[in-house]
Amino acid sequence: MPRVKRGVIAHKKRERVLKQTKGFKWGRKSKERLAKDALLHAWSHAFRGRKEKKRVFRRLWQTKIGAAAKNEDLKYNELMSYLKKANIKLDRKILADLAEHEPAVFKKIAEVAAKK
């Protein structure tokens, strides 16, 4: 059987693994075996993190909307109910942004929703 030299490919493979672990601590960034193990864990945490991020942001938006609603003498759940009944289709992200940066506009929206 002829000899197969695969030094170039093996080196590229190792470099690719080490490139992905840039920024990791200790030997996890420079030692191939530790880097591979670190990547397996990192990828699983990254998957979970992408799902978690959505939950975290929704909670943040709810908090911002609730604080702004309190200024209008409303509770968060009352405001959301009024918005739904008034057929105002603004999502929580937009409402939170309005509450934070455009309080006058948020106040108008809350008034219109509470009237109906």
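Please treat every number below as a calculation from the coordinates, not as lab data. Owing to the predicted nature of the structure, the values given are computational and were not obtained by experimental measurement. Glycine gets a Cβ as well: all are built from the backbone with ideal geometry, and neighbour counts include every protein chain shown.
Below are the figures for this structure:
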item	result
Helix-only CD estimate at 222 nm, as mean residue ellipticity for the chain, using -39500 (n - 2.57) per DSSP H run (n ≥ 4)	-25000 deg cm²/dmol
Gain on full stretching of the segment that runs from ARG3 to LYS54 - 0.36 nm per residue minus C-alpha separation	13.1 nm
Peptide ranges 70-76, 109-115 listed from the most packed, as the mean C-beta count within 10 angstrom indicates	109-115, 70-76
Among [x] 13.7; [y] 15.2; [z] 18.3, the entry derived from the coordinates for Kirkwood radius over Cα pairs in Å	[z]
By average C-beta atoms within 10 angstrom, highest first, the peptides 13-23, 90-100, 44-54	90-100, 13-23, 44-54
Positive-end residue, the chain charge dipole about Cα centroid, Cβ charges, pick of PHE106, ILE65, ALA10	ALA10
Karplus-derived 3J(HN,Hα), 6.51/-1.76/1.60, for each residue of segment 41-47, Hz, glycine and proline x	5, 4, 5, 5, 5, 5, 4
Residue-wise HN-Hα coupling along segment 97-112, computed from phi with Karplus coefficients 6.51, -1.76, 1.60 (Hz; x: Gly, Pro)	5, 5, 4, 7, 9, 10, x, 5, 5, 4, 4, 4, 4, 5, 5, 4
